[in-house]
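Since the structure comes first, as structure tokens, the remarks are kept for the end.
Each value in this text was obtained by applying a stated rule to the coordinates, not by laboratory testing. All values reported here derive from a predicted model rather than from experimental measurement. Cβ: placed from backbone, ideal geometry, glycine included. Neighbour counts: every protein chain shown.
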Amino acid sequence: MIERGTLYVVSTPIGNIADITLRALEILSAVDEVVCEDTRRTRGLLSHYDISKPLTSYSDHNKESRTPGICSRLAGGRSIALVSDAGTPGVSDPGFYLVREAIRQGITTVPVPGASAILASLVVSGLPTDRFLFVGFLSRKKGRRRKDILSFAKEPGTVIIYEAASRLPSLAADLTELLDEGRRVVIAREMTKRYEEIVRTDLANLSQTVEKITLKGEFVVLVSGNKG
């Protein structure tokens with residue numbers, strides 16, 4: 001049962017469409033509206049489960065203009081589900097902006113947990129899981145990216161990075177140059193999908209390893225922590 005005037009932050013599959021929770025389906029079936037990054041992708045997911053709902057696109061390009069209207073509808077008693085293109089909303093995507101504003105306005109915000117590329121990659125990485133630092137996408141600019149890497153160089157826990165295929169070779173080169181070469185690295189691609197690939201190597205061999213990987217989609221890169 002859903003509550004009126006509530007924003008539900010709903011996790012959706014990161015690849016395999018079966019990785020959606022029963023609760024997520026219940027919420028998506030019951031809300032008045034679904035706010036999503038890509039209406040085409042979300043419509044495909046909902047259609048697969050015979051769910052039809054009004055969809056509102058919400059991206060980095062329109063989040064500032066769309067947020068007031070969404071919050072107004074929530075304040076008026078509508079129930080709304082927020083989803084991302086894949087995984088948990090608000091993690092390296094514009095959903096954070098809406099959640100923050102809803103909280104600021106006193107709107108009830110409820111998490112509906114599920115798939116996460118971060119955790120899916122971490123638990124099969126073989127790297128320590130008792131402490132980890134998620135840094136998301138690093139800067140596209142080389143100088144800033146190198147500063148980002150140096151900022152977590154002394155982190156003792158596993159470091160988790162998101163990266164686009166086109167920038168993976170540059171990231172590999174910078175990690176190799178700036179961090180201790182003995183560190184272990186795990187690269188995860190297409191998690192839960194047909195061509196899921198998990199590659200394990202070390203910094204000394206990282207660039208050569210990346211040359212052999214299919215550079216397509218987005219990657220999760222995990223780096224073992226500083227031994228001190």
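List of remarks:
- Packing-based exposure ordering (other Cβ within 10 Å, fewest first) of S72, S116: S72, S116
- For the range 95-228, relative contact order (Cα pairs under 8 Å, six or more residues apart, normalised by length) works out to 28 percent.
- Summarising the amide proton neighbourhood of T56: residues at separation of 5 or more, or on other chains, whose placed amide H is nearer than 5 Å comprise V34, V35, C36.
- Rounded if a/c under 1.5, otherwise prolate or oblate - the range 56-141, Cα gyration tensor axes: prolate
- Amide H to amide H distances under 5 Å link D202 with V185, where only residues 5 or more positions off or on other chains count and H is placed in the peptide plane.
- Across the chain, the convex hull enclosing all Cα atoms gives 133 Å³ per residue.
- Global form of the range 117-223, assessed from the alpha-carbon gyration tensor, a/c cut-off 1.5: rounded
- Proximal lysines to K193, defined as alpha-carbon separation beneath 17 angstrom and excluding residues fewer than eight positions away on the same chain: K216
- Restricting the range 143-228 to chymotrypsin sites (Phe, Trp or Tyr not before Pro) in coil, as DSSP defines it, with at most 14 other Cβ within 10 Å: Y195
- Rel. contact order, % - alpha carbon contacts under 8 angstrom, at least six apart, the range 1-138: 37
- Remark on G90: its backbone amide H falls under 5 Å from those of G95, F96, a criterion applied only to residues 5 or more positions apart or on other chains, H modelled at 1.01 Å from N.
- For the range 1-86, chymotrypsin sites (Phe, Trp or Tyr not before Pro) meeting the loop criterion (DSSP other than H, G, I, E, B) and having at most 13 other Cβ atoms within 10 Å: Y49.
- Whole-Å semi-axes of the range 6-112's equivalent ellipsoid (Cα gyration tensor): 20, 14, 12
- The phi-based Karplus calculation (6.51 cos²θ - 1.76 cosθ + 1.60; θ = phi - 60°) puts the 3J(HN,Hα) values of the range 213-227 at 8, 5, 8, 8, x, 10, 10, 10, 10, 10, 10, 5, x, 6, 7 Hz, whole numbers, x for Gly and Pro.
- Only beta bridges with both residues in the range 6-112 are counted; by DSSP, about 5 percent of them are antiparallel.
- Rounded to the nearest 20 debye, the dipole size of the chain about its Cα centre is 440 debye, using +1 on the Cβ of Lys and Arg and -1 on the Cβ of Asp and Glu.
- Entry note, the chain: the mean residue ellipticity at 222 nm calculated from DSSP H runs of n ≥ 4, each adding -39500 (n - 2.57), is -9500 deg cm²/dmol after division by the residues and rounding to the nearest 500.
- Cα gyration tensor shape of the range 92-165, rounded if a/c is under 1.5, else prolate or oblate by comparing a/b with b/c: oblate
- Options T158, L127, L138, ranked by Cα towards positive dipole end of the range 117-223, top entry (Cβ charges): L138
- Inter-probe distance in nm under a simple model that places probes 7 Å from Cα toward Cβ, at T214 and K227: 3.5
- Cβ-defined net charge surrounding I14, 11 Å radius [Lys, Arg +1; Asp, Glu -1]: -4
- Modelled label positions at Y97 and T39, each set 7 Å beyond Cα in the direction of Cβ, lie 1.8 nm from each other.
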